[in-house]
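Visitor: Can you keep this structure in mind? I'll have questions shortly.
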Amino acid sequence: QTSPVAFSASARSTLAGHPAMANEGPMAMVLTSPSVLELLPSPPRAATVEGAGWLAVAMDYSSVQPLDGDMLAARCGPAPGPSAVLGSEGVGRVVRSGVEERFPVGSRVAFVYRRLGEECGSWQTEVTLDLSSACIARLPTNLAPQVAAAGLTSTFVAMACLRHFKAGDTVVVAPACGAVGMSLIQMAAIRGIRVIGLVRGSERGAWVTAAYGVLGTISMVDIREEDWPSLLAGLCDGDGTPETGGGADGVIDGCGGDILAKASQVVRPRGIIVSFGTIAAPIDEAALDTFARSRFIDVIRESARHALEASDAERHFEAALELMAQARYRPHCWEVVNWRDAKQVMLPQKLGSRFTSQLSSGNRVGRILLKIS
């Protein structure tokens, strides 16, 4: 097995003699070079950070998501170096506060960096947040922190995508078993939108149906079935034929490739295709554009940033956390792992590995959390 965290000779020397190790000072997971994470004392904060509108948070949980894998490979995010702390979101307890009236010391908060893909820093034992750079909300006292942590960025992706649909619409969601997919199907159902989710594996579809089927507006299709496009059409409105008024009002897709191409066939004229990712394969842009033009379909690119940078982002974030506290919206944690294993979670793992990977195919349901300690 490879080491969960890389330690260079200089880093080991630095750690051994650093007061943070002897006095248990703040530690951070730092991207020192592409694909190399090192556990180091937290970099010093800029002098301007602890100005008006700041708070320091002792971290409980963060998560691993596809964006983190891109940052690990230095495809986005901060340039590798001694200050490049990864992690885009988290839950923790306020230990110091410059906004005591909103976030008093001792309160628990959840946060997501507004400029995802550019700003990060939650993979450390203590993080200082600025209200202008992070969307922050207090946790209801009856909401378990690990439940909130399983649905942070995914909640904002869902809010951004669902704003294009209304109650009574029928929407196809792919994939339906990842953290974003599970946020989408639940928040859609809460808003009165009927959802047909695409999953890989009947056992995952059965799990989602058992967990959320009580909402009454969720159906699942296993894309491992050879005739899954026909099964999808059969679950849509009418006879599933868009040209005769059947089909779906739209598709919300994070897969791309052939899955998006086939799922889009059920979208009726003047419908909407919303794309938030391409985890399966790149999109054939020319083919999609030709198809969309033939049916006067709008193709929209969405991301969590669109919702995070809105002026009312905090209000919607607080409302989503309250729904979690009421158990009306239940993000799912697939597994909690030690934050020292963060790199391994972002890499493919061989069968029998002791490490959990977000790149597992066909069995993961929900988000992998990092316990920071």
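The values are calculated or read from the model by the stated rules, or taken from the named source; none is laboratory data. Small disclaimer: the values here were computed from a predicted structure and weren't measured. Reconstructed Cβ throughout: ideal geometry from the backbone, glycine too, with neighbour counts over all protein chains shown. Remember, those area values only see protein heavy atoms, side chains included, never the ligands or the DNA or RNA. Shrake-Rupley method; radii C 1.70, N 1.55, O 1.52, S 1.80 Å.
Visitor: Probe 1.4 Å, all protein chains in place: accessible area of THR125 in Å², nearest 10?
Guide: Answer for THR125: close to 40 Å² accessible.
Visitor: So, one more: Check cross-link reach from LYS343 to the lysines: straight Cα distance under 18 Å, and skip same-chain residues fewer than eight apart.
Guide: LYS371
Visitor: Now for a different question. Report, to the nearest whole %, how much of the accessible area of segment 81-150 belongs to carbon and sulfur atoms, 1.4 Å probe, protein only.
Guide: Here carbon and sulfur together make up 48 percent of the probe-accessible area.
Visitor: Still on this structure, I have one more. Evaluate E = 1/(1 + (r/R0)^6) for GLU226 and GLU118, where r is the Cβ-Cβ distance and R0 equals 56 Å; express this FRET efficiency to the nearest 0.05.
Guide: 0.85
Visitor: Calculate what fraction, in whole %, of the accessible area of segment 179-292 sits on carbon and sulfur atoms when a 1.4 Å probe is rolled over the protein chains.
Guide: 53 percent
Visitor: In degrees between 0 and 90, to the nearest 10, how far off the longest principal axis of the chain does helix 285-295 point, with axes built from Cα atoms?
Guide: Result, in degrees: 40.
Visitor: What trypsin sites (Lys or Arg not before Pro) does segment 266-373 have in DSSP loop regions with at most 11 other beta carbons within 10 Å?
Guide: LYS350, ARG354
Visitor: Once you have the Cα-Cα distance between ALA286 and LEU359, take 0.36 nm times their residue separation minus that, and quote the gain in nm to one decimal.
Guide: Additional length available on full extension: 23.5 nm.
Visitor: Another question about this same structure. Using the basic label-point model (7 angstrom from Cα toward the beta carbon), what is the ALA206 to ARG191 distance in nanometres?
Guide: Distance between the two pseudo-spin positions: 3.2 nm.
Visitor: Between THR141 and LYS166, take the C-beta separation as r, use R0 = 35 Å, and let me know the FRET efficiency to the nearest 0.05. Please list the in-between numbers first.
Guide: Details: r = 33 Å, r/R0 = 0.95.
That pair, THR141 with LYS166, gives E of 0.55.
Visitor: Roughly how many debye, to the nearest 20, is the charge dipole of the chain about its Cα centre, given +1 on each Lys and Arg Cβ, -1 on each Asp and Glu Cβ, and no other charges?
Guide: Numbers: 34 positive and 37 negative charges, 114 e Å.
With only Lys, Arg, Asp and Glu charged at Cβ, the dipole is about 540 debye.
Visitor: At a Förster distance of 25 Å, what's the computed FRET efficiency of ARG328 paired with THR278, Cβ-Cβ distance as r, to 0.05?
Guide: 0.20
Visitor: May I pose another question? Can you list the aspartates and glutamates whose alpha carbon sits under 16 Å from that of LYS166, skipping same-chain ones fewer than 8 residues off?
Guide: ASP237, ASP249, ASP298
Visitor: Still on this structure, I have one more. For the full complex of protein chains and a 1.4 angstrom probe, list SER35, SER202 by accessible area with the highest value first.
Guide: Output order, biggest surface exposure first: SER202, SER35.
Visitor: Given that just one value was derived from the coordinates, which of (i) 82, 52, 47; (ii) 72, 47, 37; (iii) 82, 40, 39 is Cα extents along the principal axes in Å?
Guide: Step by step, Cα extents along the principal axes in Å for this structure corresponds to label (ii).
Visitor: Roughly what would the spin-label model give for SER33 and VAL99, points 7 Å off Cα along C-beta, in nm?
Guide: Using points 7 Å along Cα→Cβ, the separation is 3.9 nm.
Visitor: Please report the antiparallel percentage of DSSP beta bridges with both residues in the chain, rounded to the nearest 5.
Guide: Counting DSSP beta bridges with both partners in the chain, the antiparallel share is about 55 percent.
Visitor: Over the chain, give the accessible area per residue in Å² for a 1.4 Å probe, as an integer. Numbers along the way, then the final one.
Guide: Values: 15740 Å² over 373 residues.
For the chain, the per-residue accessible area is 42 Å².
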